[in-house]
């Protein structure tokens, strides 16, 4: 570029940092060069000086100074080609979509992101949902062995909005679980701080009391629970509402009150696998209630997998409609 130009910020660039915007428009412009052009007021926003970390809004005008002969843009890597069965899988999980997000009913056993030895995961399958628009982006996580609702954002702006909502606990979440033995009370609050402990690759969340937590390593963790139905002293179908978002919070809290989740050997040991019980972790992300873009709040629901229904039948319960089974029945 040998001349001054004016570029209008697009709607889909709303909220972008200026350095990210510049990288998107001029991929080979060195960051040090960008900073120098900002310091010397050669890049300007609506006629005013701009910093590299400034946030942009649609319709603003960016003055772009002469940039000289920038290095050529290297060719893009070919988009990842998914197997037809993988593309079909991720599409089959969609339970709701709009212009802002896609809601999936994730099956147990499917990881959300890749890791050592994990090649098939939700993040890797999102290419199938891109179409001609942006590739969907993760905004929260579920454990590999937890089934149920998770949402992905359809744009960078939606990803920022939804990530903030999850981080600030503006999203209400309700899980269904099969707890062995069952809590002593029908409802209550588990308020036990948790911290990660154990060797790398084998970490578990454990409770730290005030004496142990002198260095502040324990993190506040609170979970509300409500028993939906009991199968004697064998198990209880229980609704869990996390008020904080710690790693393995629901699994650790259930085990700490002496009622591990059926199938959770990590926190419940051998007792979590009674003879004859169906296989798998009986923890399902049933409902999400999150801020909507233009129409108030959005309520999403995901049906539990066949294994969870099998667990209900195993203890003699058959999907009764009981108080606490939906978010509508929980009073904040």
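The values are calculated or read from the model by the stated rules, or taken from the named source; none is laboratory data. Note that the structure is predicted; figures quoted are calculated from it, not measured. Counting neighbours? That spans all protein chains shown, and the Cβs are built from the backbone with ideal geometry, glycine included.
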Looking across the stretch 128-142 at residues that are in contact (Cβ under 8 Å) with a residue 24 or more places away in the chain and touching a helix residue (DSSP H, G or I) at 6+ places or on another chain (Cβ under 8 Å), the single one that is surrounded by the fewest Cβ atoms within 10 Å (Cβ to Cβ) is 134
Checklist (1) out of contact with any helix residue (DSSP H, G or I) (no Cβ under 7 Å at 6 or more places or on another chain); (2) more than 23 Å from residue 331 (Cα to Cα) applied to residue 298, failing item: (2)
For the stretch 96-119, which residues satisfy the criterion of being surrounded by 15 or more Cβ atoms within 10 Å (Cβ to Cβ) and either without any contact (Cβ under 8 Å) to a residue 24 or more places away in the chain or under 20 Å from residue 133 (Cα atoms) (or both)? 96, 97, 100, 101, 102, 103, 104
Out of 305, 274, 260, 278, report the one residue that is touching a residue at least 12 places away in the same chain (Cβ under 8 Å), surrounded by fewer than 21 Cβ atoms within 10 Å (Cβ to Cβ), in contact with a strand residue (DSSP E or B) (Cβ under 6 Å, 6 or more places away or on another chain) and outside the structural domain of residue 93 (by TED's automatic domain parsing). 305
Exactly one of 78, 88, 24 is modelled with pLDDT under 90 and not in a loop (DSSP other than H, G, I, E, B), and that residue is 24
Regarding residue 204, is this residue at pLDDT below 95, more than 20 Å from residue 148 (Cα to Cα), loosely packed, with under 14 Cβ neighbours inside 10 Å and out of contact with any helix residue (DSSP H, G or I) (no Cβ under 6 Å at 6 or more places or on another chain)? no
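Go through the stretch 30-62 and give me each residue that's in a loop (DSSP other than H, G, I, E, B) and over 22 Å from residue 156 (Cα atoms).
Quick first cut of the stretch 30-62, residues in a loop (DSSP other than H, G, I, E, B) only: 30, 40-43, 46-47, 50-54, 56-60.
Within the stretch 30-62, 30, 40, 41, 42, 43, 46, 47 meet the criteria.
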Within the stretch 4-60, work out how many residues are more than 23 Å from residue 71 (Cβ to Cβ), touching a residue at least 40 places away in the same chain (Cβ under 8 Å) and more than 33 Å from the chain's Cα centre (by Cα). 1
Could you check residue 197 against (1) more than 28 Å from residue 81 (Cα to Cα); (2) surrounded by 20 or more Cβ atoms within 10 Å (Cβ to Cβ) and say which number it fails? (2)
Determine whether residue 179 is assigned by TED's automatic domain parsing to the domain that holds residue 220, touching a helix residue (DSSP H, G or I) at 6+ places or on another chain (Cβ under 7 Å), part of a strand (DSSP E or B) and in contact (Cβ under 8 Å) with a residue 12 or more places away in the chain. yes
